[in-house]
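Just so it is clear, none of the values below were taken in a lab; they were calculated from the coordinates. Note that the structure is a prediction, hence the values are computed from the model and not measured. For neighbour counting, all protein chains shown are included, and Cβ atoms are generated from backbone atoms with ideal geometry for every residue, glycine included.
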Amino acid sequence: MIDARGIIPPMTTTKSERGKLLKRIRGFCSIMGDDLQGLDSELLTRIDETIRSLETPVHVVLAGLADSQHHALASTLVGAPLIETKGTIAKCPLLRVRMGSEPRTSTIVGDRSRTFRGCVIDKLVSVGATNPIEVELPTLPLSQLHLSILPTYEAQEDRAAYLLDLIGDSEIVVWCSNASTVWHPNERRLWFTVPDDLKARSILTLTHAQNLADDDSARTTCDEKREIVADDFAHIVTSEAADDISDLLDTLLKVMEGAETALLDNARTLRDELSAIPLGSIHATPIPIPAPTPAPSTQEADASSDPAASLRTTLARDARACIAATESMTNSDSAAVFEAMATLLSGLSKTLKGGLTLHRDHEALMAEISEADDLIGLLSYEGGALAVQEAADLLRQIAVDVLDRLDPELAMDGTNAHSDENELRKAS
């Protein structure tokens, strides 16, 4: 998944997908108001968990024993040295790394939260810092990643319960283990208690793999370890050095995309369930929406041989149809009306994507249409006359903006809807 230049491609899921689902689910909660508490407790829990998951980036935990190199791998993964002094590793508390505009380090010193410029983990640990340390870096390869680097799990320490609590608060776990050493009893005890659903999103990274090349005993030990942990990890990769993370990063991207897909699928299912809940009775009778298709004018006929002119003519006709249709939407609260609005907006969007470039603000108009489509979908949950009126006003304004951006001659051809609408807008 990483190309020959070492560039990491963006995940197939964009932030806008999360944002749209989050907006819809939050909109439902807002519309429900106090009635929300009357829903089933299990459904309320799902709503809360889904909103929290959509709001936060993927949380990945990196951990291991003292000789696992997990701190060094973390530095390579985030693109900056986190710890420069070897003695810091044994004493280093929990580290949390996320994307930031500039390097900053924060922690609680005494009873105060302190923030320092740059990455100063070594200095904080040297003066006895024991609270979790937050690091912001602009070099993170994935902006949708929050990385936690757990304290070193010393073989003689019984810290399984503490580490398990930290691991449980994550979507993906990367456990690092020396490829040439046996699977330690403490590691075995820790992974025995990890939930199965988290094991399905876990990656075992066998470090120091360069030691296996000329050591038969080490290779045998590594093979035995692989066999022992086969049921505890969904993925097993190797790393020959601290800067060798290609296999790890490839696997991490795949697991992240899988987790993202599962999250969005669950969010869509929840959205559909919520949209099926009746939010009130429909009292008004839906009014049919006219879709006038005027006879082609001479100018339109002449434009048929010119693709750009033809697109402009189609766009102008679609915009006028939107303006005319909104006059029949004002007293209706049928879900079909909202669907028709979305269809009209979709027509405008498709025409623009067909290759038409307006004189100005083409991209701004596309963004305007996209936002209007989201808002109309959100308003459709309300199912009331006021929501219909607000959506109709929004659709009409988009149509007027489309006409404003076309050639004046074409926009005015065959109708005075453009000028009439501008007069209405000025008056309002």
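The table for this structure:
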{"read-out": "In nm, spacing of pseudo-spin labels at residue 228 and residue 109 (7 Å Cα→C-beta vector)", "value": "4.3"}
{"read-out": "Length gained when the stretch residue 240-residue 66 is fully extended (0.36 nm per residue, less Cα-Cα span)", "value": "61.0 nm"}
{"read-out": "Length gained when the stretch residue 126-residue 90 is fully extended (0.36 nm per residue, less Cα-Cα span)", "value": "11.8 nm"}
{"read-out": "Estimated vicinal HN-Hα couplings, Hz - segment 129-135 in sequence order (Karplus 6.51, -1.76, 1.60; Gly, Pro = x)", "value": "5, 10, 7, x, 10, 9, 10"}
{"read-out": "Relative contact order (percent, whole number), segment 56-244, Cα cutoff 8 Å, 6+ residue spacing", "value": "27"}
{"read-out": "Residue pairs, from the table 225/254; 91/254; 123/199; 20/254; 86/225, whose Cα atoms sit over 30 Å apart", "value": "91/254; 123/199"}
{"read-out": "Highest-first arrangement of 33-46, 105-118, 59-72, where packing means the average Cβ count within 10 Å", "value": "59-72, 105-118, 33-46"}
{"read-out": "In nm, spacing of pseudo-spin labels at residue 217 and residue 52 (7 Å Cα→C-beta vector)", "value": "4.9"}
{"read-out": "In segment 173-219, chymotrypsin sites (Phe, Trp or Tyr not before Pro) in a DSSP loop with at most 14 other beta-carbon atoms within 10 Å", "value": "none"}
{"read-out": "Estimated inter-spin distance, residue 16 and residue 43, nm [label 7 Å along Cα→Cβ]", "value": "3.1"}
{"read-out": "Length added when fully stretched, residue 199-residue 275, from 0.36 nm per residue minus Cα-Cα", "value": "24.0 nm"}
{"read-out": "Per-pair calculated FRET efficiency, R0 = 30 Å: residue 265 and residue 101 via Cβ, rounded to 0.05", "value": "0.40"}
